[in-house]
Amino acid sequence: MDLAVRNRAYWTERAPSYTVDVKTNIAHGGREMWRNALLNHLPEGDCLRILDIGTGPGFFAILLTEMGHQVTAADYTPAMLEEARRNAGDLAEKIEFRQMDAQALEFPDNTFDVVVSRNLTWNLPDPERAYREWFRVLKPGGRMINFDADWYGYLFDEKKRVAVAQDRDNVRQEGCTDYNAYEKADEMEQISLLLPMGRVNRPDWDIQTLLRCGYHRIYTDTEVWKLTWDNEEKVNFAATPGFMICADK
């Protein structure tokens, strides 16, 4: 099966349970934590035109719309977009939903003030192509804000594998919900073995790639997870801490 087709099939099946994960995060205070993280890095402006690429269940799209911005929510998987529309409720009429490949956007050049993404680039077959596309659709002076983590680096590195195994032990010892114990977890590991991002050192790779793509004023925050993750997430993913990378066009 083609990798793109296989990946879409996985996320189609995963859409309902992924929505549950996001709602759990919100219930544990995630809404305010992520809202603050976005506010800290968005450029000034009361009604920015923002592309939420890889919107998934629509978490960022909803937050940004609540903040008064004009949001386009794009995802490769139609089932995810349906979840996002449902989760948005009355806000859905204010959000433009588009089914689209993050690596081949269908928007004209210089369209958006901001491109935001959360937990997407690790899952892309050609993340450099995606970064170039996001640069293309940004207006001059626009900003890219990407939150991600080295989720599957342990498949290629023994030290990381041991650290992730320790996370699983800590989850059991502390009585937390195991976020890696879900149906199709093995399938995503198999897909990730075919993807490039687990083999690179992040966010260093991202910085060098963004420079090649033409971005400037690049900065990272490798401790953003301390402010945006709840306690259960911190126990589950201590070995794969989240980072944020911002860059301007």
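The values are calculated or read from the model by the stated rules, or taken from the named source; none is laboratory data. This is a predicted model, so every value here is computed, not measured. Backbone-built Cβ (ideal geometry, glycine too); neighbour counts: all protein chains shown. Each accessible area value is taken on the protein alone, full model and side chains, heavy atoms only, with ligands, DNA and RNA left out. Shrake-Rupley method; radii C 1.70, N 1.55, O 1.52, S 1.80 Å.
With the requirement that a residue be surrounded by 14 or more Cβ atoms within 10 Å (Cβ to Cβ) and over 18 Å from Ile145 (Cβ atoms), what does the stretch 224-234 give you? The answer is Asp230, Glu232, Glu233, Lys234. When the criteria are applied in full, Thr220 fails the requirement of being out of contact with any strand residue (DSSP E or B) (no Cβ under 6 Å at 6 or more places or on another chain) and farther than 19 Å from Leu3 by Cα. Selection over the stretch 40-67 of residues that are among the hydrophobic types (A, V, I, L, M, F, W, C) and either touching a residue at least 40 places away in the same chain (Cβ under 8 Å) or farther than 26 Å from Arg86 by Cβ (or both) gives a count of 8. When the stretch 152-175 is filtered for residues that are hydrophobic (A, V, I, L, M, F, W, C) and closer than 17 Å to Pro196 by Cα, the ones remaining, listed by number, are Leu155, Phe156. Kindly establish whether Arg8 is open to solvent by 50 Å² or more (accessible area, probe 1.4 Å), closer than 14 Å to Leu120 by Cα and either assigned to a helix (DSSP H, G or I) or touching a Cys at 6+ places or on another chain (Cβ under 7 Å) (or both). So Arg8 fits the description; yes.
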